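See below for the structure under consideration.
The values are calculated or read from the model by the stated rules, or taken from the named source; none is laboratory data. What you are looking at is a predicted structure, and each value in this text was computed from that prediction instead of being measured. Because the Cβ atoms are built from the backbone with ideal geometry, glycine has one as well, and the counts that use them run over all protein chains shown.
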Amino acid sequence: MSEHDFSKRAGGGWRLEHSYAQLPRLLHVAVSPTAVRAPRMAVWNRKLAEELGLDAAAWASAEGASGAAAEIFSGNVLPPGASPLAQAYAGHQYGHFTTLGDGRAILLGEQITPRGERWDVQLKGAGPTPYSRRGDGRATLGAMLREYVISEAMHAMGIPSTRSLAVVATGEEIWRQDGARPGAVLTRVATSHIRVGTFEWVAARRDEAALRALVAYTLQRHYPELAGAENPPFVLLGAVIERQARLIAQWMSVGFVHGVMNTDNMALSGETIDYGPCAFMEAYDPATVFSSIDRDGRYAYGNQPQIAQWNLARLAEALLTVLHPQEEAAIALANQALGGFGERYQRHWLAGMRRKLGLFNEEPEDGALIEALLEWMHSAKVDFTNTFADLERVAPTTWAERWQARQARQSQSLEEAMRLRCANCPAVIPRNHRVEETLAAAEQGDVSVLERLLAVLAAPYDYARARAADVAEYRVPAPDGGEGYRTFCGT
Ligand code: AMP
Ligand code: MG
């Protein structure tokens, strides 16, 4: 055994536990990844590996791209202590209830980090499971790299998100609508993969004991400070509503369009999850939709807060039988909790927008000031990100005068206001045409374009760096303002 053997040396840093597997049987099924032909590491998140306590340096050693790490993160070799399973869940997809489950994702276990945190380590695209239905259990290299880029960009912006540890090309071709594509496995890391759809699944099975167990487990894992509460389902619902209100406000503040906000794609942890046809808005327009299958614009940029509330209502419904023994009282509790979403969302949104404008204190007219800016941005079809990043130069005069007068009424200096703005207005976002360009190059075997983009996206608020020529080019919007850009579900 060589000193640098990733999988074996002192366990490679693996410390896997399996608390989820202790939940009732209807929530999971044991299943192993299906081996792939010729795994090669395409991208590896060394920093995240270190945070997880994995032996990150070992992979960079003599073993190279097809070494032990590629074997592990393709699913060919299980890391020590792994006990793979697929999770069961249901979900409302485009408004319609369906039973789903991990059709191509396999949880290896929960890694306990050196800081004592518990993070799911999951292989996405690792082969079929009992929940695959007609799917092949696989994922394309393009889609997995896309998830890697965007999830890591979200994290760098300070927006809660699942993380991406590695993408391994499988050396196999998979078939999609547009023909044969290179396959890949993404290692996704999350504080958990419990979804609104997980609760819907248990509720649909009418297993009240399992539902109570899932409530207790979720509270313990994500909201331990509330674990001793008198009415656990009620406090869980309230806590999730608060986290989702904050998350969606953060999405809105950077122009993120998730694209497929089905209830199975909403995590109880409050992390952004399941990056599919997502994309960042360029020209400001609340009707922005990128997903080719979202024909009615259900998941358009401007609809996201409303859809989040709709999804949370599905969570409340799933919890009804355990919220209160009497149905009427349970419904009243659910409505009480759900009624708080709008106000919470509005509060987070306003606070975020104030920071983007460099405002430290609150004035009653701030909402109107922001709306006036957005109205102008919409009619002028200006780039959302760059307008905020360069507001004093690009804002129309009459609005700028209002804004200046508003800033003058706070005690902080203009310099302090500028610093607040810079820390809240990303200079760089994963622009769609740049993301596509990196995926195309990676499919041809060149990951250097991707690595450059990742390096730029790792410091979205670094304006000094953003002004350098090699970063500035990433700030240029698509020639048509991103209009007509479509993302596909051929994942
Ligand atoms: P998503 O659109 O990624 O949220 O996936 C929705 C559901 O379809 C989930 O249950 C996935 O596991 C499943 N799914 C997506 N792609 C595949 C595939 N290629 N094979 C099997 N199941 C899949
Ligand atoms: Mg999903």
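Can you tell me which residues in segment 405-416 are more than 35 Å from the chain's Cα centre (by Cα) and exposed (fewer than 13 other Cβ atoms within 10 Å of the Cβ)?
Selection gives Ala405, Ala408, Arg409, Ser411, Ser413.
May I ask you to verify whether Gly228 is more than 15 Å from ligand 1 (Cβ to nearest atom) and either assigned to a helix (DSSP H, G or I) or not aromatic (Phe, Trp, Tyr) (or both)?
Numbers: more than 15 Å from ligand 1 (Cβ to nearest atom): yes; either assigned to a helix (DSSP H, G or I) or not aromatic (Phe, Trp, Tyr) (or both): yes.
So Gly228 fits the description; yes.
Quick one: count up the residues across segment 459-474 that are among the basic types (Lys, Arg) and assigned to a helix (DSSP H, G or I). Break it down stepwise before answering.
Applying the first criterion (among the basic types (Lys, Arg)) to segment 459-474 yields 465, 467.
Next cut, assigned to a helix (DSSP H, G or I) only: 465.
So the count comes out to 1.
If you take the residues of segment 132-187 that are touching an Asp or Glu at 6+ places or on another chain (Cβ under 7 Å) and of a type in the set (Val, Ile, Thr), which of them is farthest from Gly103 (Cα to Cα)?
Thr162
Can you tell me which residue among Glu152, Glu208, Glu110 is charged (D, E, K, R), surrounded by fewer than 17 Cβ atoms within 10 Å (Cβ to Cβ) and away from ligand 2 (no atom under 16 Å from the Cβ)? Can you show your working first?
Numbers: Glu152 fails: surrounded by fewer than 17 Cβ atoms within 10 Å (Cβ to Cβ); Glu110 fails: surrounded by fewer than 17 Cβ atoms within 10 Å (Cβ to Cβ).
When all the criteria are applied, what remains is Glu208.
With the structure loaded, tell me whether Ala229 is crowded, with 20+ Cβ neighbours inside 10 Å and either more than 16 Å from ligand 2 (Cβ to nearest atom) or modelled with pLDDT under 95 (or both) or whether it fails that test.
Numbers: crowded, with 20+ Cβ neighbours inside 10 Å: no; either more than 16 Å from ligand 2 (Cβ to nearest atom) or modelled with pLDDT under 95 (or both): yes.
So Ala229 fails the test.
So, Ile248, is that one under 25 Å from Phe97 (Cα atoms), within 16 Å of ligand 1 (Cβ to nearest atom), touching a residue at least 12 places away in the same chain (Cβ under 8 Å) and of a type in the set (A, V, I, L, M, F, W, C) or not? Let's see the steps before the verdict.
Values: under 25 Å from Phe97 (Cα atoms): yes; within 16 Å of ligand 1 (Cβ to nearest atom): no; touching a residue at least 12 places away in the same chain (Cβ under 8 Å): yes; of a type in the set (A, V, I, L, M, F, W, C): yes.
No.
Report yes if Asp296 is touching a residue at least 60 places away in the same chain (Cβ under 8 Å), farther than 26 Å from Leu350 by Cα and either away from ligand 1 (no atom under 16 Å from the Cβ) or not small (Gly, Ala, Ser) (or both), otherwise no.
Details: touching a residue at least 60 places away in the same chain (Cβ under 8 Å): no; farther than 26 Å from Leu350 by Cα: yes; either away from ligand 1 (no atom under 16 Å from the Cβ) or not small (Gly, Ala, Ser) (or both): yes.
Judged against the criteria, Asp296 is not a match.
Does segment 190-210 include one or more residues that are in a strand (DSSP E or B), in contact (Cβ under 8 Å) with a residue 60 or more places away in the chain, under 25 Å from the mean Cα position of the chain (by Cα) and more than 13 Å from ligand 1 (Cβ to nearest atom)? Even if it seems obvious, please write down each step before you answer.
In the first step, residues of segment 190-210 are kept if they are in a strand (DSSP E or B); the result is 190, 195.
Still in the running and in contact (Cβ under 8 Å) with a residue 60 or more places away in the chain: 190, 195.
Checking the rest, the ones that are also under 25 Å from the mean Cα position of the chain (by Cα) come to 190, 195.
With more than 13 Å from ligand 1 (Cβ to nearest atom) added as a condition, the list becomes 190.
Looking for residues that are in a strand (DSSP E or B), in contact (Cβ under 8 Å) with a residue 60 or more places away in the chain, under 25 Å from the mean Cα position of the chain (by Cα) and more than 13 Å from ligand 1 (Cβ to nearest atom), one finds at least one in segment 190-210, hence yes.
When you go through Ala468, Ala440 one by one, which is the residue that is over 30 Å from Val260 (Cα atoms) and either surrounded by fewer than 16 Cβ atoms within 10 Å (Cβ to Cβ) or without any contact (Cβ under 8 Å) to a residue 60 or more places away in the chain (or both)?
Within the list Ala468, Ala440, the selection yields Ala468.
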